[in-house]
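Take a look at the structure below.
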Amino acid sequence: MAICANCGKEIDEGAKFCTNCGAPVQHMQAPAQAEPLVPQDS
């Protein structure tokens, strides 16, 4: 379950608005893993 960023209540997956406070739900995706920077020899 997601948590409302506005009021902290649990939100059903797929909901567009919080049923407690009515705030729009911002579904966060897991951040993509960045490739480590590898120095290139020249």
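Pairs are defined by a Cβ separation below 6 Å, a sequence spacing of at least 6 or placement on different chains, a first member in region 11-22 that is free of Cβ contacts under 8 Å to residues at least 24 places away in the same chain and assigned to a loop (DSSP other than H, G, I, E, B), and a second member that is surrounded by 12 or more Cβ atoms within 10 Å (Cβ to Cβ) and of a type in the set (Lys, Arg); the pairs so defined are 20/9.
Among residues of region 22-42 being surrounded by 10 or more Cβ atoms within 10 Å (Cβ to Cβ) and under 12 Å from residue 3 (Cβ atoms), the one that is modelled with the highest pLDDT is 23.
The values are calculated or read from the model by the stated rules, or taken from the named source; none is laboratory data. Since the model is a prediction, treat every value here as computed from it, not as a measurement. Don't worry about glycine lacking a Cβ; one is built from the backbone with ideal geometry, like all the others, and counts go over all protein chains shown.
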